[in-house]
1. With n ≥ 4 as the cut-off for DSSP H runs, can you work out [θ] at 222 nm for the chain, using -39500 (n - 2.57) per run divided by the number of residues, rounded to the nearest 500?
2. Give the range of the longest stretch in the chain that excludes all trypsin sites (Lys or Arg not before Pro) found in loop regions by DSSP and having at most 15 other beta-carbon atoms within 10 Å.
3. Where only protein heavy atoms count, and the probe is 1.4 Å, what is the accessible area per residue for segment 10-141 in Å²?
4. Looking at the square roots a ≥ b ≥ c of the eigenvalues of the Cα gyration tensor of the chain, which shape do they give, rounded for a/c under 1.5, prolate if a/b is larger than b/c, or oblate?
5. Of the heavy-atom accessible surface of the chain (probe 1.4 angstrom), what whole percent is carbon and sulfur?
6. DSSP loop chymotrypsin sites (Phe, Trp or Tyr not before Pro) in segment 3-102 with at most 14 other Cβ atoms within 10 Å of their Cβ, which ones?
7. With 22 Å as the limit, write out which pairs from Lys14/Lys78; Lys29/Lys58; Lys24/Lys78; Lys25/Lys78; Lys14/Lys139; Lys25/Lys76 have Cα-Cα distances beyond it, or answer none.
8. Rank Ala37, Ala93, Ala74 by mean-square fluctuation in a GNM of the chain with C-alpha springs under 10 angstrom and give only the top-ranked residue.
Amino acid sequence: MIAIASDHGGFALKQEIITYLTDKKLEFKDLGCYDEASVDYPEYARLVAQSVLSNEAKCGILICGTGIGISIAANKIKGIRCAVCTDCFTARATREHNDSNILALGGRVVGGGLALQIVEEFLNTPFSNDQRHINRIAKIE
Ligand code: RB5
């Protein structure tokens, strides 16, 4: 299961990603927000982080206007490795090297077409399991 949430700045892109996940028959849980009324992104970062850390979700997707605020909030939570991605290369690299467990996107930064490619790359790339990356992640923790 994939946990997904956004603030108002990421709401429209979240809906596009939900349509994609539905079309691909990928199980997900939409943790809000549910309209474009102004909300505080740290609340949504926490909901997705909790879902990932409890192993309810295998990974998460967070979206705010830039992807930055919501990723900063998520990365304050121990065990979360959240990467803001604006291209497919970093989405792939952060899975292979950082074993990132949450993808962050900026709804005001990337268009829907690119965002869906980034999501696909993130979801389909496994962690490399290279010892050097395992050691570095252990040092973060
Ligand atoms: C909300 O206006 C905006 O600040 C938020 O979505 C995000 O971009 C913060 O980093």
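1. Values: 6 runs with 68 residues, N = 141.
Rounded to the nearest 500, it is -14500 deg cm²/dmol.
2. Numbers: sites that count: Lys24, Lys25, Lys58, Lys76, Lys78, Arg108.
After excluding every exposed loop site, the longest remaining stretch is 109-141.
3. Numbers: 6990 Å² over 132 residues.
Here the per-residue accessible area is 53 Å².
4. Numbers: a/c = 1.63, a/b = 1.37, b/c = 1.19.
Prolate is the answer for the chain, as a/c is 1.5 or above and a/b outweighs b/c.
5. Details: 3660 of 7110 Å².
Whole-percent figure for carbon plus sulfur exposure: 51.
6. Numbers: sites: Phe11, Tyr20, Phe28, Tyr34, Tyr44, Phe89; in loops: Tyr34.
Filter output for segment 3-102: Tyr34.
7. Values: Lys14/Lys78 25 Å; Lys29/Lys58 11 Å; Lys24/Lys78 31 Å; Lys25/Lys78 30 Å; Lys14/Lys139 32 Å; Lys25/Lys76 31 Å.
Going by Cα-Cα distance, Lys14/Lys78; Lys24/Lys78; Lys25/Lys78; Lys14/Lys139; Lys25/Lys76 fall outside the 22 Å limit.
8. Ala37
The values are calculated or read from the model by the stated rules, or taken from the named source; none is laboratory data. Quick caveat: nothing in here was measured; it's all calculated off a predicted structure. When we count neighbours, we look across all protein chains shown, and the Cβ atoms used for this are built from the backbone with ideal geometry, even at glycine. Just the protein is used for accessible areas: all its heavy atoms, side chains included, with ligands, DNA and RNA removed. Shrake-Rupley method; radii C 1.70, N 1.55, O 1.52, S 1.80 Å.
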